[in-house]
Amino acid sequence: MSFRAFLAICLCRFLRGFSRLVHRGGTAMPGRWALKVCPDLLSVLARGVKTVAITGTNGKTTTARMIDQGFEDAGLSYFANRSGANLMSGITTEFVMNSTLFGKCKKEYAVIECDEAAAVGVFPQLMPELVVVTNLFRDQLDRYGEVTHTLENIRKALAGISQPIEVLLNADCSLTASLAEDTYHSYLFFGIDKGAVPSGKKSELSDASHCIRCKTEYEYDYITYGHLGGFRCPKCGYHRAEKPEYAVTDVTEQRPDGSTVVIGGVLMEPCVVDVNLPALYNVYNAVGAVAAMREMGIPDETAIAALGKFKCGFGRMEDFALGKGGAKVMLVKNPAGCNQVLDFLQNVKDRFVLVICLNDRAADGTDISWIWDADFEKLCELSGRLEKVIVSGDRAPDMAVRIKYAGVDPRFVETERDYEKLVSSLESEERPIYMIPTYTALLELREVLVKHCGGDEFWV
Amino acid sequence: MELKICHLYPDVLNLYGDGGNIRCLTQRLKWRGIGAEVTKIPIGSKESLKGFDLIFIGGGQDFEQEVLLEDLHRGRDKELVAAVQDGMTILAICGGYQMLGAYYETHDGKRCDFVGALDLYTVGAKTRMIGNYMYKVDEKLGGFTVVGFENHSGKTRLGPGVEPLGKVLAGFGNNGEDGMEGAHFQNVFGTYSHGPLLPKNPDFADLLIKTALERKYGRAELAPLDDTLERAAHDEMCRRLEKHP
């Protein structure tokens, strides 16, 4: 190891220690400085570590937490970037904190979620043994550009891994599945089979309506949500993998607190699996995670049990003891994810209060146009179960307008931009509360919730 | 009274929140007791544009541009030129705005012929112009302030045959150089303000509704609506942009 790398590690550890002294996370900043001293620090530290990397638009954190639980239960020596710091800087910090001063990693395995735009820089240094690509949706156009641009970034990121590895792809996402055109790595598919859930309607706002190869409009045998499902190009024949290696063959039950599904496929005997989180998008995360755990050699029973007990926390259907009915916090970042949350709300039985916190800082995307692509009109189909909507965050007034035009009577819409006041006022709330913040709004809101109701700091 | 609204190419020109404009027009018509019928005309449709009162064209991704151009040059382009000459009320945003011009030239010199309904053209630049922005619409059109979000690499230049829609107060506008934003010709309004432009610019929404109603019925007085929430969103962005232009 070079002297530069040694210096960088010392600096990183010092900055992290200092951050914690002043009660900050220090999840990304120390790594950022360390990389200035030694730009290839990650490649030094990641050498010899067996890493699973998870990337894609939605579901990275949840999939990583599921795999995390499986690794823990299997008794493996591993670490994970649980704080959500998933850029080069945050991943480097995490490796430094799990290495000796001389750059030798103390753990055998790592579970790393990686931002889909950062992957192109991270993967060639990280050299993962297994990559999971969850899906690709339009997301933060001002930051990522068109979705095909993100796809090309991931393609380059995979091409930058200089040894052949295994890559798990979402079979139902025509964009993600197209990564398998490459022949250097081995590609395996996971997905939800036809008939496992009633087919959804073809969305007018598909993020991938035209064939990625020949630009003809896709036909679909079935749709799970968004552009995911049994796609087929009538012209060039590009189609969803007929028999994914890992597939959900049946969604037996969807409850407000989770789902029961059957996971099978070419490589797996069908198993009944309880997933600890509700909503269909978490079924995708579950089958992706099972595939990853199996490919890393974790026994079936351990992998399956992990899905029923893992805790995601940090704004992914996270519960807080607020008010009489409790509060559930559901992070939203883009129309696809937001629509899934709005679908989930359709299944809530009781009258409830909805809180929407919309920010437009760099990490949220500075363009909030996407709230008009999300189907807030669904709030009008709740037939009286919506007690009121409270809008908050930097762009609260824009959210109020969105809700008004969705058809909700403005008399049921309140604005409260101070999280302290918001949470205090909800302490006496009788009804269950559902909170949907964007990323930076979640960071601030969660801090106040933790103060009032208890819970972990985000880096724990 | 009723307006027949056409959403042109919603299958490919739907980049970010463009549907919000249709939603806004139909709600504001409904709240005033005026009928609204929205027809979507996707790629490959043979339906004529005649008979509509208002056409909306959104912005799109580069990925589907070829598919769009093919369809356009199968006759839709001539139909759009005729509609513009005929005084049809049209709102065209970002990619849709560029599309009504003569052509688009990429930064490495490749040229795509567009509709040619408006005397303007666009040349691609290497850097994108991205961010919240604000402009003041020409006095003849009401002189109101519009806030929106722009995200384009194309720089649009206007010919003598069209007027700019307004003057940039903060941000880039047509090209980031001449201080002009959008284009106005007959009853066509072109702007870079992508996505949900109308909901928080109710003056603009009502200008379009009034223009379309007057063309159809001779005259139109719009009943006032309670725009408290809309103006709050509009004014807050104005204040932010005044502070940090």
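The values are calculated or read from the model by the stated rules, or taken from the named source; none is laboratory data. None of these values were measured; they are calculated from a predicted model. A quick note on method: Cβ atoms are made from the backbone with ideal geometry, for glycine too, and the neighbour counts reach across all protein chains shown. Surface accessibility is based on the protein's heavy atoms, side chains included, excluding ligands, DNA and RNA. Shrake-Rupley method; radii C 1.70, N 1.55, O 1.52, S 1.80 Å.
If you check every pair at least six apart or on different chains, which have Cβ atoms under 6 Å apart with a residue in region A:210-223 that is facing chain B (nearest Cβ under 8 Å) and of a type outside the set (D, E) first and a residue that is part of a strand (DSSP E or B) and open to solvent by 50 Å² or more (accessible area, probe 1.4 Å) second?
Pairs found: A:H210/A:E217.
So the check is Cβ under 7 Å with 6+ separation or different chains; which pairs have a first residue in region B:88-100 that's crowded, with 24+ Cβ neighbours inside 10 Å and a second one that's of a type outside the set (A, V, I, L, M, F, W, C) and assigned to a helix (DSSP H, G or I)?
Every condition considered, the pairs that remain are B:T89/B:T211; B:T89/B:R215; B:L91/B:N21.
What tally of residues in region A:146-176 results from selecting those that are assigned to a helix (DSSP H, G or I), more than 14 Å from chain B (Cβ to nearest Cβ) and open to solvent by 10 Å² or more (accessible area, probe 1.4 Å)?
Looking only at that region, the number is 4.
Here's the yes/no breakdown for (1) within 14 Å of A:S43 (Cα to Cα); (2) within 14 Å of the chain's Cα centre (by Cα); (3) of a type in the set (D, E):
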| position | (1), (2), (3) |
| --- | --- |
| A:A80 | no, no, no |
| A:G84 | no, yes, no |
| A:I91 | yes, no, no |
| A:S99 | yes, no, no |
| A:F102 | yes, no, no |
| A:K107 | no, no, no |
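Tell me yes or no: at least one residue of region B:16-35 is surrounded by fewer than 23 Cβ atoms within 10 Å (Cβ to Cβ) and in contact with a Cys (Cβ under 7 Å, 6 or more places away or on another chain).
Checking region B:16-35: not a single residue is surrounded by fewer than 23 Cβ atoms within 10 Å (Cβ to Cβ) and in contact with a Cys (Cβ under 7 Å, 6 or more places away or on another chain).
Pick from B:E2, B:E70, B:E47, B:E79: which is at the interface with chain A (Cβ under 10 Å from one of its Cβ atoms), open to solvent by 10 Å² or more (accessible area, probe 1.4 Å) and not β-branched (V, I, T)?
None of the other options fit; the residue is B:E70.
If you take the residues of region A:224-259 that are among the basic types (K, R) and more than 14 Å from every other protein chain (Cβ to nearest Cβ), which of them is most open to solvent (accessible area, probe 1.4 Å)?
A:K243
With a cut-off of at least 1 residues that are within 14 Å of the chain's Cα centre (by Cα), name the strands (runs of 3 or more DSSP E) lying wholly within region B:110-165.
Of the strands (runs of 3 or more DSSP E) lying wholly inside region B:110-165, those with at least 1 residues that are within 14 Å of the chain's Cα centre (by Cα) span B:120-137, B:145-158.
Find all pairs meeting these conditions: Cβ atoms under 8 angstrom apart; at least six residues apart or on different chains; first residue within region A:369-382 and farther than 16 Å from B:K200 by Cα and in the same structural domain as A:N347 (by TED's automatic domain parsing); second residue modelled with pLDDT under 95 and of a type in the set (D, E).
A:K378/A:D343
Please list, ordered by residue number, the strands (runs of 3 or more DSSP E) wholly in region B:1-81 having 1 or more residues that are among the acidic types (D, E) and touching a residue at least 12 places away in the same chain (Cβ under 8 Å).
Strands (runs of 3 or more DSSP E) meeting the threshold: B:2-8, B:35-41.
Residues are listed down the side, and each one gets a yes or a no for (1) surrounded by 17 or more Cβ atoms within 10 Å (Cβ to Cβ); (2) in a loop (DSSP other than H, G, I, E, B); (3) among the β-branched types (V, I, T):
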| site | (1), (2), (3) |
| --- | --- |
| A:R16 | yes, no, no |
| A:G25 | yes, yes, no |
| A:P30 | yes, no, no |
| A:K36 | no, no, no |
| A:L45 | yes, no, no |
| A:A53 | yes, no, no |
| A:T92 | yes, no, yes |
| A:V111 | yes, no, yes |
| A:A117 | yes, yes, no |
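Considering only residues that are of a type in the set (K, R), over 15 Å from A:L358 (Cβ atoms) and in contact (Cβ under 8 Å) with a residue 12 or more places away in the chain, which ones fall in region A:394-450?
Answer for region A:394-450, where residues must be of a type in the set (K, R), over 15 Å from A:L358 (Cβ atoms) and in contact (Cβ under 8 Å) with a residue 12 or more places away in the chain: A:R431, A:R446.
It is to be established whether one or more residues within region B:19-40 are of a type in the set (A, V, I, L, M, F, W, C), over 26 Å from B:L222 (Cβ atoms) and more than 12 Å from chain A (Cβ to nearest Cβ).
There is no residue in region B:19-40 that is of a type in the set (A, V, I, L, M, F, W, C), over 26 Å from B:L222 (Cβ atoms) and more than 12 Å from chain A (Cβ to nearest Cβ).
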